[in-house]
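Everything below concerns the one structure shown next.
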Amino acid sequence: MTEHTGSGTRERLIIAAAELIASSPGEDFSLRAVCDAVGVKMPTLYHFFGSKQGLIDAVVDHGFDVYLGQKQAMEHSGDPLQDIRAGWDAHVAFGLENPGFYTLMYGTVRPGYSPQAQSRPSEILRGLTARAAQQGRLAVPPDQAAAHILVTNIGVTLRQIILAEPDPALSAAVREGVIAAITGVGGAVGDPVASVMDLAAADPAVLGEAETTLLLSWLARLRESRRDGAGRP
């Protein structure tokens, strides 16, 4: 078997397993059925993956490849908070469209283990929260903000998968609650300076890119000075 042929067989086994998982979300699948779909014997499957868990891990990687391919195709607004909103909605949509993949990617828990592929979308999210922090628009550290977004986004998606019923109103409400929590914007105790920052950054064309950047810098300094003043005895 040549290297090219081996690589093609490995990919076909992953696709076959992925199709079986997609056709029966949440149910176990047979290695024999995977081999029959590709037309190979069991030793070939074990040669490539070592075990059933090895095949599942490869399918999880494939699921993240599909998910990230969709995210990379999305247009970026230039505003990190708006991109977080769009990313949240895309995350939920992917889970509802691919419940078999999603439950493997985020719903299968092995204590002390996190699939390496999970780090890829997490890095994208941390990049957005880091940009928001640079603009002075976060009330919490960027890593904490990213963790807050991710865990709630996963929870909302899994709930809808479990109930087998989309709930866009709940998803939007939780999303906006999370953004309010990490930015300090919203509700009776909201931060008015942060509200202006959110408004300006959401549509930088109104004032112009350079002017918006300068305004955000000034407002970030003003917001920080208010926090410092509030912390003084």
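A few points about this structure:
- Ordered from highest to lowest accessible area with the whole protein assembly present and a 1.4 Å probe, HIS148, HIS76 read as HIS76, HIS148.
- Hypothetical label at ALA73: residues of the stretch 96-125 whose amide nitrogen lies under 15 Å (7 Å Cα-Cβ projection): 97-98
- Radius 10 Å from Cβ of VAL156, net charge of other residues (Lys, Arg +1; Asp, Glu -1): +1
- Stretch gain in nm, segment VAL151-ASP89, where the contour uses 0.36 nm per residue and the Cα spacing is subtracted: 20.9 nm
- Net charge of the neighbourhood of ALA17, taken over other residues with C-beta under 15 Å away and scored Lys/Arg +1, Asp/Glu -1, is -4.
- Per-residue ³J(HN,Hα) for the stretch 148-156, Karplus 6.51 cos²θ - 1.76 cosθ + 1.60, θ = phi - 60°, Hz, x for Gly and Pro: 4, 5, 5, 5, 6, 4, 5, x, 5
- Each Lys or Arg adds one and each Asp or Glu takes one away; over the other residues whose Cβ falls under 12 Å from the Cβ of GLU123, this sums to +2.
- Residue-wise HN-Hα coupling along the stretch 20-33, computed from phi with Karplus coefficients 6.51, -1.76, 1.60 (Hz; x: Gly, Pro): 5, 5, 5, 6, 9, x, x, 9, 6, 10, 9, 5, 4, 5
The values are calculated or read from the model by the stated rules, or taken from the named source; none is laboratory data. These numbers were taken from a predicted model, which means no experiment stands behind them. Glycine gets a Cβ as well: all are built from the backbone with ideal geometry, and neighbour counts include every protein chain shown. Protein only, heavy atoms only, side chains kept; ligands, DNA and RNA dropped before computing areas. Shrake-Rupley method; radii C 1.70, N 1.55, O 1.52, S 1.80 Å.
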